[in-house]
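Engineer: Sending over a structure as structure tokens; questions will come in a sec.
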Amino acid sequence: MQLQARADTLPITTIYLLIAAVWIFSTLFFFSEWLILSESVRRAEYILCYAGLIFTGGFLFYLIRNTENNFLASQQTLHRVNRALKARSDCSQLVVRAESEQALMTDVCRIIVESGGYRLAWVGLAENDAQKTVRPAAQWGDEHGYLESIRVSWGDDELGQGPTGHAIRSAEPHIARHILTDRKWGPWREKALRLGYASSASLPLSIEARVIGALVIFAGEPDAFDGRELDLLKGLADDLAYGIATLRMRRDKERTQRERTLLATIVEQETDGILTFNTAGFIHYVNPAFETISGYGREELIGRNVRNVEKVGTNRSFFQIMSDAVHTGQSRFERLANRRNDGTLYDIEVKVSPVSEPSGTTAYAAVVRDLTYEVQLERQLCQAQKVEAIATLAGGIAHDFNNILAAIITNTEMAMDDAPEGSALREHLAIVLKAGFRARSLVRQILTLSYQKEEERQPVRIDLIARECLKLLRASLPTTIEIPLHRTNGIGFVHADTSQIHQVIMNLCTNAADAMQEHGGRLEIFMGNSDLGSDNSMGLPPGRYVCLSVADTGHGMDRKTMERIFDPFFTTKAPGRGTGLGLSVVHAIVRSHGGAIDVTSEPGVGTTFRVYLPRCDAAGDAEQEYPASPPPPGGKERILFLDDEADIVSSNQRMLENLGYEVVAGTSSLEALEVFRAQPDRFDLVITDQTMPHLTGERFALEVLALRPDIPVILCTGLGSFSQSGVTEKIARTIGIREVVMKPTERSEMARIIRRVLDGGGNEKSGKEDR
């Protein structure tokens, strides 16, 4: 435009000179005809006229040229102002509609380049890292990767002395009208000029008097960014900063709202109870967990004062803690036992704390943790420790008692051999022997209860297990309780764990007996086969089952109690009388065996439990009784017998010698080992007790088998495989022991075991069943 203006000025001046020259020539020629002037005067006139003409023409050219230059300058300024105005206008609309900070910065840079006509626009954010980096967060127009090739800082180092770093540090705009000559453009000048950037404006972005970065604009012509244009661009930068601040505020508000929502959800779903109340004591929030733990409904508490909430029974202390916290303004921590509205007791841990703000305490929060389960576990642990202590005691007593019984049974059997048939002495000895067998059975049942362990399931007869349970129960229950046992013929087998079925029967019978402890009554046990159809009330598959029924004539239960009898830790017994685990264990065992329990009860009449277990097919339905023992077999072999009880050694030595064996007996495992080591081939059989001083029976067997691997060994034990120190058949087989015998053992049984071992048998179960 400027070249075109200059081209138009020259013809105008030429035309003016031609017209003036013609006018002067005509005027002089006309006057020369009328006036007679000397040649010199005429020549002077020509010179003066043409000189004036040239001077006025030049002056006219200057005036026109200057006017045009001013007009062109005003046009350029107006153009730059218009583009800045358009850019700001578009950006102002964008700030209102922006949804994200990144999109806002990018769109502003795009509008500055596309609508404003600038070459490049970018936003640099001031990082607070060690180098105080200015990070390009958005740009538009950088088609050659200029921003990726430079480093900018807002620190005091060389990279921080540029226009952008200066604008951020000083919070003042920096305008470089000529990048070529601007001193602050040193490190970046060459690349900028090569890409056609002639001038730049670095405008700080401030939020609440804190500079967060700068908006940088590059123009392709020098002397840009003056006056009104700069004011508009500064306003655009302020709009951008306001938009960023608004978006950040909105983001922080949304994050705060999300955090509050999350916190509220956590409080609502928290398993600990939470109750809040103000400094006057009025409750304004209760979470669902508090309702569950305390039994109070939300509507019963909100709006009421902690000082006036109904304090019933043990709940008085609970609300008194909150009242004390309001009175003292300090935290309180207590463990309490409370009672719900339905009368159930529960244990809690309560912590009441003031909620403090800069203005002071504004509210209180009570956190209630339900300790009922933990307290019950603690009680259960104490009970388990008691049971473990009883088991340890029972094991020790059983070992000693079995040794006593071994001497009694063995000597009684030998005494009966010397007593005449039909004599009163033989009858008395038979009674003693029968009592010994009953005592042996009782000890084994005590060990079964003390050392319960899960065994492999196998076909079992529950009526036989019930008989064993009744033997133990009759010895512990008062005579005011009758215990009749009814069973039908042909009771089927159940694929079950014997010890667990034993536990089921014992727990059911014990509960029934407890219900009749005060006034006595009738504990009736019935067993028989039962075929269930698909319409049974217990949800069992149709099929063949064995039914075990335990009925009592105790105080009975109401429907509300019956709904909870299988809940862990639920008990109606007095404190210290039960853990509330018995029926829950029964229920779990029955369910694990594929069965179900049906309960009927009537207050004041009694209760009946019916256990249904799937029936299975198995051979050997006939019940095993105590058969008449054939004469014990004997032999001529030489036996090394070892036990730490002198009475047992003496009686068993005589018993074995009566059977024809040659016996070397002793009470010291070390002496017996020396005897065997001296003549290992002298003996045909070794019989040793497990619990021995110096060397246990297991260790003694190892030493003997190391000297002579083919020697048969029988191990006797008063604990069998019940205790942790007991030797199982698997361990015995690994060592090389042929038989593990549970003491005390009757003579005929021991004689058969000895013959079986000497004749090449062994590793068979023995001493496991009462015979």
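Engineer: Restricting things to alpha carbons, tell me how big the stretch 161-237 is in terms of Rg and Dmax, in Å.
Structural biologist: That works out to 12.1, 38 Å for Rg and Dmax.
Engineer: Obtain the nm distance between the two label points defined at CYS382 and VAL605 by a simple spin-label model: each point lies 7 Å from its Cα along the Cα-to-C-beta direction.
Structural biologist: A separation of 3.9 nm, rounded to one decimal place.
Engineer: For the stretch 636-722, with all protein chains present and a 1.4 Å probe, just round the carbon and sulfur fraction of the accessible area to a whole percent.
Structural biologist: Here it works out to 46 percent.
Engineer: Mind grabbing the accessible area of TRP188 for me, 1.4 Å probe, Å², rounded to tens?
Structural biologist: Its heavy atoms expose roughly 20 Å² to the probe.
Engineer: Another question, then. Taking all protein chains together and a probe of 1.4 Å, list ARG340, ARG474 from the most accessible to the least accessible.
Structural biologist: ARG474, ARG340
Engineer: How much solvent-accessible surface does HIS486 expose, in Å² to the nearest 10, with a 1.4 Å probe and all protein chains in place?
Structural biologist: 70 Å²
Engineer: Same structure, new question: Towards the positive end of the charge dipole of the stretch 485-561, with charges on Cβ (+1 Lys, Arg; -1 Asp, Glu), say which of THR498, HIS519, SER534 has the farthest Cα.
Structural biologist: Comparing the listed Cα positions along the dipole, SER534 ranks first.
Engineer: If I model a spin label at ALA430 and ARG307 as a point 7 Å from the Cα along the Cα→Cβ vector, what separation in nanometres do I get?
Structural biologist: 8.7 nm
Engineer: Given a 1.4 angstrom probe, what's the average accessible area per residue across the stretch 195-299, in square angstrom?
Structural biologist: Value returned for the stretch 195-299: 47 Å² of accessible area per residue.
Engineer: Keeping every protein chain present and rolling a 1.4 Å probe, give me the accessible area per residue for the stretch 623-714 in Å².
Structural biologist: 49 Å²
Engineer: Mind putting a number on the dipole of the stretch 111-245 about its Cα centre? Charges go on the C-beta only, +1 for Lys and Arg and -1 for Asp and Glu, and I need it in Debye to the nearest 20.
Structural biologist: 240 debye
Engineer: Ordered by packing density, taken as the mean number of other Cβ atoms within 10 Å over each peptide's residues, highest first, how do 414-424, 591-601, 742-752, 637-647 rank?
Structural biologist: 742-752, 637-647, 591-601, 414-424
Engineer: Here is a follow-up. Using unit Cβ charges (K, R positive; D, E negative) and no other charged atoms, how large, in debye to the nearest 20, is the dipole of the stretch 183-282 about its Cα centre?
Structural biologist: 380 debye
The values are calculated or read from the model by the stated rules, or taken from the named source; none is laboratory data. Predicted model only: the values in this text are computed from it and were never measured. Methodologically, a virtual Cβ is constructed for each residue, glycine included, from the backbone with ideal geometry; neighbour enumeration extends over all protein chains shown. In case anyone asks, the SASA skips ligands and DNA or RNA and just uses the protein heavy atoms, side chains included. Shrake-Rupley method; radii C 1.70, N 1.55, O 1.52, S 1.80 Å.
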